[in-house]
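Here the structure is laid out as structure tokens; the discussion comes afterwards.
The values are calculated or read from the model by the stated rules, or taken from the named source; none is laboratory data. Since this is a predicted model, take the numbers as computed values, not measurements. FYI the Cβ positions are ideal-geometry reconstructions off the backbone, even for glycines, and counts take in every protein chain you see. Accessible surface areas use protein heavy atoms only, side chains included; no ligands, DNA or RNA. Shrake-Rupley method; radii C 1.70, N 1.55, O 1.52, S 1.80 Å.
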Amino acid sequence: MAKIKDNTVQVVFISLLLDLLAFTVILPLLPSLLDYYKDIEHNEGLYFKILHYIQHARKLFDAPDKVSTVLYGGFLGSMYSFLQFLGSPIVGALSDIYGRKPLMLFCLTGITLSYLLWAVSFNFTIFVLARFIGGISKGNISLSIAIITDVTSPKTRGKAMALVGIAFSIGFVLGPMIGAFFAWTSTNNREGTWYIIPAIFALSLAASDLCFIICTLKESLPSNCRAKNLKTGISGAIAYINPVDLFQFNGVSGLNLQDEKSLRTLGCAYFMYLFIYSGLEFTLTFLTHYLFEFTSMQQGWMFLGIGLVMAILQGSWVRTIPPNKTKSAAELGLWLIIPAFVCIGIAKDIIILSIGILLFATSTAMVVTCMMTLVTRIGPENQKGVITGVFRSLGALARACGPIIASSAFWCIGSKITYLIGAIFLVFPPLILQSIKSL
């Protein structure tokens, strides 16, 4: 049995790596893609309808005209995260009843379809539809965490969860580099449907992932350990997507009072952290471009450095943290993000900026992995899918809202005040986490 469990963790790691490489390829291409759809739609179609509202928002915040494309990309990113917020808890809950593998195949099929639609997106409406299907199908990540929870013990879970962090780090290092190569190529060839090549590349990765899971993933949730049914009716469905219900974890049944309190507290800390964190993550490119005049290549090296620091830490130290130290490591990571915000906010030279970015990468390597490990320790075994789904959904909701608030503040009150206010509010997540005594 131990051999099967070890193999399952490796299968999940490879699947996540393929998925994240496909997902991140598009990130450096978004500006070129948006310019392409702007050119071919000739002041008509969905692109210009959305652009009309974005231009109103830009004028409201007195932002320069050249950031319209960035704000447009932010809108698409927020839409994608919002769809994850809707889909993750429902997929997780269904997997508790029908098993992990069927739902994983469903999600990966949707993701593959989204890249196929991107490859044939001869207008912006089809491209948005592709992003819509991709976002709503992104429950595979919470399913991966649930699978790891199924096949590991509390002692070995932290080490396995660190592999999820490593997959993210590698994906967010290599994927954008590959995408940057396609972006560079596209500058020399803007004629015709140049985006088909990167879209087919992402499609091939997604299709490979789907085939790989079909052939290698064993069902990790035995029939006798599954939940009997979802909460019934419309009220049950709402419990998985209503933010009030999500924060209360009302979609989870069979919790004792202590577990219920711990989940709600952990979810609150996680949401608050990611809400502010994602705002910095999104506006960091604005700051380095406008205050430090970074080129796209310099920004690429910056994100490469962030990814490498995260991968090294997660591969060497984070995955070896003992179970009884996981909460302390999460708290340390939450405290470290505060000076990161301060340094980046007040930076007037590259040295202070680099210190802030190093602290940012170090904190990131610790917090999400450790907090996901903590949440898998809470609640009954037959509810792990919905618990991890709701937790991931709270993170997706934070990522959908955080960049909008942060970019609005960035242009209204300036980067320095925005980041310092963020640092003040980031005092609360570690204090909230400290209040949980049962983990």
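The residues neighbouring residue 83, those whose beta-carbon lies less than 15 Å from its own, together hold a net charge of +4 under the Lys/Arg +1, Asp/Glu -1 convention.
Sequence-distant contacts, meaning Cα pairs under 8 Å at least 6 residues apart, place the relative contact order of the chain at 28 percent. Here the extension length gained between residue 109 and residue 354 equals 84.2 nm, from 0.36 nm per residue of separation less the Cα-Cα distance. Averaging the Cα positions of each part gives two centres, and for the stretch 259-320 and the stretch 342-392 these lie 7 Å apart. Taking every protein chain into account, the 1.4 Å probe leaves residue 273 with about 0 Å² of accessible area, to the nearest ten. Compactness of the chain is given as radius of gyration and Dmax, 21.1, 62 Å, from Cα positions. In terms of overall dimensions, the stretch 263-317 has a Cα radius of gyration and Dmax of 14.8, 43 angstrom.
Element breakdown for the chain at a 1.4 angstrom probe: carbon and sulfur atoms account for 69% of the accessible area. With a 1.4 Å probe rolled over the protein heavy atoms of all chains, the accessible area of 332, 205 falls in the order 332, 205, largest first. The Stokes-Einstein estimate for the stretch 338-439, based on a Kirkwood radius over Cα pairs and taken at 25 °C with 0.890 mPa s viscosity, is a diffusion coefficient of 157 µm²/s.
Within the stretch 264-377, all pairs of alpha-carbon atoms sorted by distance into 10 Å bins from zero give the percentages 13, 44, 30, 11, 1. With the largest listed first and rounded to whole Å, the semi-axes of the equivalent ellipsoid of the stretch 72-126 from the Cα gyration tensor are 26, 16, 6.
Structure remark: mean-square fluctuation, Gaussian network model of the chain, C-alpha springs under 10 Å; the largest value among 93, 409, 400 belongs to 409. Summarised in one figure, the compactness ratio Rg/Rh of the stretch 390-439, Cα atoms and Kirkwood Rh, is 1.09. Maximal additional length on extending the residue 312-residue 132 stretch stands at 61.5 nm, based on 0.36 nm per residue less the C-alpha distance.
By average Cβ neighbour count within 10 Å, what is the ranking of 317-323, 305-311 from highest down? The partial results should precede the final answer.
Details: 317-323: 16.4, 305-311: 20.3.
The peptides rank, most packed first, as 305-311, 317-323.
Using R0 = 35 Å, the C-beta based FRET efficiency linking residue 98 and residue 125 works out to 0.60.
Based on the alpha-carbon gyration tensor of the stretch 99-203 and its eigenvalue square roots a ≥ b ≥ c, which shape applies: rounded if a/c is under 1.5, prolate if not and a/b is larger than b/c, or oblate? Since a/c reaches 1.5 but b/c is at least a/b, the shape of the stretch 99-203 is classed as oblate. Looking at the stretch 354-410, none of the chymotrypsin sites (Phe, Trp or Tyr not before Pro) sits in a DSSP loop with at most 12 other Cβ atoms within 10 Å of its own Cβ. Phi-derived couplings, Karplus 6.51 cos²θ - 1.76 cosθ + 1.60 at θ = phi - 60°, listed residue by residue for the stretch 264-271: 5, 5, 5, x, 5, 4, 5, 5 Hz, with x used for Gly and Pro.
When shorter helices are ignored and each DSSP H run of at least 4 residues is given -39500 (n - 2.57), the per-residue value for the chain at 222 nm works out to -27000 deg cm²/dmol.
Send over a whole-number figure in Å² for the accessible area per residue of the stretch 252-391, probe 1.4 Å. I get 39 Å² per residue for the stretch 252-391.
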